[in-house]
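The next block holds one structure in the form of structure tokens; read it before the comments.
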Amino acid sequence: MAGKTGELEENFERLEGTISRLEAEDISLEDAFAAYSEGMQLLKSCNALIDRVEKKVLKIAEDGGLEEL
């Protein structure tokens, strides 16, 4: 799971960079669209990783591996 955490953190960092580019006053419409598209892909990837981890936690809790969440 450490690899997934690293991937998630890396995606969050890239997403922060994308947001910074979008906030720039001198960004062209074409560059803004490209940054927006990249950001949406990163967001989808982050959500998928988080969903997988959440399912694993729920499975562990369901199997009695965790007393409380």
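The values are calculated or read from the model by the stated rules, or taken from the named source; none is laboratory data. Nothing here was measured: the structure is a model prediction, and the numbers come from that model. Methodologically, a virtual Cβ is constructed for each residue, glycine included, from the backbone with ideal geometry; neighbour enumeration extends over all protein chains shown. Remember, those area values only see protein heavy atoms, side chains included, never the ligands or the DNA or RNA. Shrake-Rupley method; radii C 1.70, N 1.55, O 1.52, S 1.80 Å.
What do you get for the angle between helix 29-62 and the principal long axis of the chain? Use alpha-carbon atoms, 0 to 90 degrees, nearest ten. The angle comes out near 0 degrees.
For the chain, the relative contact order works out to 32 percent when only alpha carbon pairs closer than 8 Å and six or more residues apart are counted.
Taking all protein chains together, LEU58, LEU43 sort by accessible area into LEU58, LEU43, largest first [probe 1.4 Å]. For the chain, build the charge dipole from Cβ charges (+1 Lys, Arg; -1 Asp, Glu) around the Cα centre, then report which of LEU43, ALA61, PHE12 sits farthest towards its positive end. Final value for the positive-end residue is ALA61. Over the residues of the chain, the helix contribution to mean residue ellipticity at 222 nm works out to -29000 deg cm²/dmol, using -39500 (n - 2.57) for each DSSP H run of at least 4.
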